[in-house]
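First comes the structure, then the notes that go with it.
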Amino acid sequence: MVSDIRVGFLEKLEHELDTRGLVARVVRTRSGPAFLRVVNPDAASLAEDVTCAPAPETHDHYYWWSWGERMHRVDDPGGAALKLARVLEPLRRERCERREARDPRDAWGSRETRDVRGARDGRDAHRFEARGLEPHGAAPTREWPPGHP
């Protein structure tokens, strides 16, 4: 039974992925081949369906990405799990923290940042007035309507 062999390979990969903290389950369909659904529990939108089949030019079985590209040999489920874990890895937290820790004046983007620097030199101040920004990069003052808490 060819499909039982493939399911066995998928189950080995499922075990490897579970040890790496990814959620993986073998899905058996009535009409198509079995596949492994892999989800990163920290970012559920990061998911992949892996199939198992022989390569066209050989009888050796491989794991395949959902888009039909050969991923890894089935005799090394740990290597395949490593590839899947890397692909399903969310954006690193330290990169996000670095982005949040930047100078808030730089968060406007390159054009506005150039405008801020230009306005410090006394140029382009009219751009800031039109946007309601202070020319030296300071936060705009807000005037609340009368009676606002």
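The values are calculated or read from the model by the stated rules, or taken from the named source; none is laboratory data. Bear in mind that the values here come from a model prediction, so they are computed numbers and not experimental data. Every residue, glycine as well, gets a Cβ built from its backbone with ideal geometry; the counts of neighbours run over all protein chains shown.
Some notes on this structure:
- Within the range 42-74, the set of residues being among the hydroxyl-bearing types (Ser, Thr, Tyr) and surrounded by 12 or more Cβ atoms within 10 Å (Cβ to Cβ) comprises Thr51, Tyr62, Tyr63, Ser66.
- Within the range 55-101, restricting attention to residues that are hydroxyl-bearing (Ser, Thr, Tyr) and in a loop (DSSP other than H, G, I, E, B), the residue that is modelled with the highest pLDDT is Ser66.
- Under the condition of being under 27 Å from the mean Cα position of the chain (by Cα) and either more than 11 Å from Cys52 (Cα to Cα) or loosely packed, with under 14 Cβ neighbours inside 10 Å (or both), the residues counted in the range 1-25 number 13.
- Count - residues of the range 26-46 that are part of a strand (DSSP E or B), among the aliphatic types (A, V, I, L, M) and more than 17 Å from the chain's Cα centre (by Cα): 3
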